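Some notes on the structure that comes next.
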Amino acid sequence: MITRRLLIPIVFVVVGLAGRPAAADPAQDAQTFINDFGHRAIEALTEKNISDAELIKRFKTLFEEGFDVSYIARSALGRFWPRATDDEKAQYVPLFEDYVVTIYAGQFRDYTGQGVTAKSAQVGTDGVIIVFSDIVSSDGPPTKLEWIIGNVDGKPKIRDIKIEGVSMITTYRDQFANEILQRDGKIAGLINALREKTASLHANNG
Amino acid sequence: MNRLRFPCLRIALNSGRIALIAGLMLTFQGCATPPTDPDALAAYNEANDPLEPMNRQIFAFNEFADTYLIRPLAEGYVAVVPTPARHSLRNFLNNLHSPVIFANDLLQAEFQRAGNTLGRMFVNTTVGIGGLFDVAGDIGLPYHDEDFGQTLAVWGVGEGPYLVLPVLGPSNPRDAVGIFADGFMDPLNIYLENTRRGYLTYVRAAIDGIDKRSQVLDVLDDIKRTSLDFYATIRSLYRQRRIDEINNGEPTPGTVAPSYMSEKDKGVKPATSPASESVSEKSSSL
């Protein structure tokens, strides 16, 4: 006869076994995704003696694989996205990607820090998962990093990064709105500004 | 009691002078003209920067002062003073600042953080030799900052319009009041004023400023190099950082930047403003 003392652990084991393979935990999946993606990114981008062009190429590949680029581009244009003409959208999206890739790739040029390790995750609104991680520095307190993970066709994709509370998308959206305001409310003005800025960043890199 | 009046008077005089300068600047600069287009107007209101022409002028002045004075000093400081010594000075300055942090912890009813600050002050002043070593940080009492601007925010005071202060940089009426209040409640400042060494308050503030600037040399260079408009980027970063600081760095669930995607674009409703922006949205003028 099974006593109560034995029954409770048995129930726990059975429930535990049954629960595990049935429903995949999206928060856990998102953490695994960030750990794996972060690891591969650091490996590819901090390789010694790669040229600037190669660094940008590698970053672009990773960016398109791991990030929801079209979502980020639209969100960065914010309220002005719906009113952009098809032609403006067609110009803006690749320009935006080029701008972001050029900036972020540059961050890895002399990167000697470590990879990213997910600490925890939670489900946010709109079905996104927020993954929390720290970048430990030898000089001062750790830097807090949050990854907002969405889902594109069943695959996890990064939608936004928040560094110490500063969101990548919000920062671009504020900048772009300002640029449009400074240029008589014209999206074409922003496109010109992006084109000029990216060209000058490329020139400085090369 | 009588002795305490001196710093009040001094600070009142100083703020009076600053108000006068600000008033003069306003008279010859004027305000920005809001756009008429509804989307542009919404973006204009979101920027919450009606004094932009004046702010940009002060920002330009600050950039000038930074290029020719503050940045070179910070660079020289990094070049000349070895890293451990710089860490010690930072620890020392942080420790001196503890009473103000402690007071603001209490005013925000953050009793655990207040205890943390008090413990740090005790451990670092004694074992850490007058605050030169952050022993408390090593034993699980990490440093956190707190100021009266944040306290006001916790009390529900809105930030008000964006404001660039001469030398001090990005701010708003709420945080500017906070800076004065913090200076006013600092026991060391009160002591110095009462012993007629008030100038040392400014010396300390200057050293603090150089130390802070020295920590962001590369970061600021990078932002300046890559942004479309340095002024607008700093405005955005300042706001976002303040909201994070006011929340004590706690992640606010569901904080995702609003997507603004139209329904036909992705078949989803545009996300409403996240909780992280609620602080700035509550804002009314002071």
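Since every read-out is calculated from the coordinates, none of them should be taken as a lab result. Keep in mind that this is a model prediction, so the values were computed, not measured. As a convention, Cβ positions derive from the backbone with ideal geometry for all residues, glycine included, and neighbour counts pool all protein chains shown.
Some points to look at:
- For the stretch A:53-94, a/c is not less than 1.5, where a ≥ b ≥ c are the root eigenvalues of the C-alpha gyration tensor, and a/b tops b/c. That puts it in the prolate class.
- Amide H contacts of residue B:172 (H built 1.01 Å from N, under 5 Å, at least 5 apart or other chain): B:163
- Packing-based order for B:129-141, A:68-80, using average beta carbon neighbours within 10 Å, highest first: A:68-80, B:129-141
- Inter-chain neighbour count for B:43-56: the average number of beta-carbon atoms from partner chains within 10 Å of each residue's beta-carbon is 2.
- Partner chain coverage, peptide A:79-89 - average Cβ within 10 angstrom: 3
- DSSP-loop trypsin sites (Lys or Arg not before Pro) across the stretch A:86-148, with at most 14 other Cβ within 10 angstrom: A:109
- For the stretch B:150-193, average projected area of the Cα convex hull in nm²: 3.6 nm²
- Overall, the anisotropy analysis places the stretch B:42-168 in the oblate class: the square-rooted eigenvalues a ≥ b ≥ c of its C-alpha gyration tensor yield a/c not less than 1.5, with a/b not exceeding b/c.
- In the stretch B:183-236, the trypsin sites (Lys or Arg not before Pro) that fall in loop regions by DSSP, at most 16 other Cβ within 10 Å: B:196, B:197
- Sum of -39500 (n - 2.57) over DSSP H runs of 4+, divided by residues of chain A (222 nm, nearest 500): -19500 deg cm²/dmol
- Working from Cα pairs under 8 Å separated by at least six residues, relative contact order for the stretch A:16-122 is 50 percent.
- Set of aspartates and glutamates near residue A:119 by C-alpha distance (under 16 Å), chain-local residues within fewer than 8 positions excluded: A:25, A:29, A:36, A:134, A:146, A:164, B:250
- If R0 is 60 Å, the Cβ-Cβ spacing of residue A:199 and residue B:155 corresponds to a FRET efficiency of close to 0.80.
- Modelled FRET efficiency - R0 45 Å, residue B:127 with residue A:48, Cβ distances, 0.05 increments: 0.60
- With both labels modelled 7 Å from their Cα along Cα-to-Cβ, the residue A:153 to residue B:205 distance reads 5.9 nm.
- Taken residue by residue and averaged, Cβ atoms of other chains lying within 10 Å of the Cβ of B:222-228 number 6.
- Put simply, the amide H of residue A:117, placed in the peptide plane, has neighbours under 5 Å in A:134, leaving out anything fewer than 5 places away on its chain.
- Averaging Cα coordinates gives a centre for the stretch A:43-110 and one for the stretch B:126-156; these two points are 38 Å apart.
- 10 Å binning of all Cα-Cα separations within the stretch A:103-206, expressed as whole percents from 0 upward: 12, 30, 32, 23, 2
- With the simple model of a label 7 Å out from the Cα in the direction of the Cβ, residue B:215 to residue A:186 spans 4.3 nm.
- Legend: distances between Cα atoms for A:186/B:212; A:157/B:212; A:144/B:224; A:155/B:212; pairs beyond 30 Å are A:186/B:212; A:157/B:212; A:155/B:212.
- Three-way shape label, the stretch A:25-148, alpha-carbon gyration tensor, a/c 1.5: oblate
- For residue A:48, net neighbour charge (Lys/Arg +1, Asp/Glu -1) across residues whose Cβ lies under 13 Å away: -3
- Phi to ³J(HN,Hα) by Karplus 6.51 cos²θ - 1.76 cosθ + 1.60 over the stretch A:102-109, Hz, x for Gly, Pro: 4, 5, 6, 4, x, 5, 9, 4
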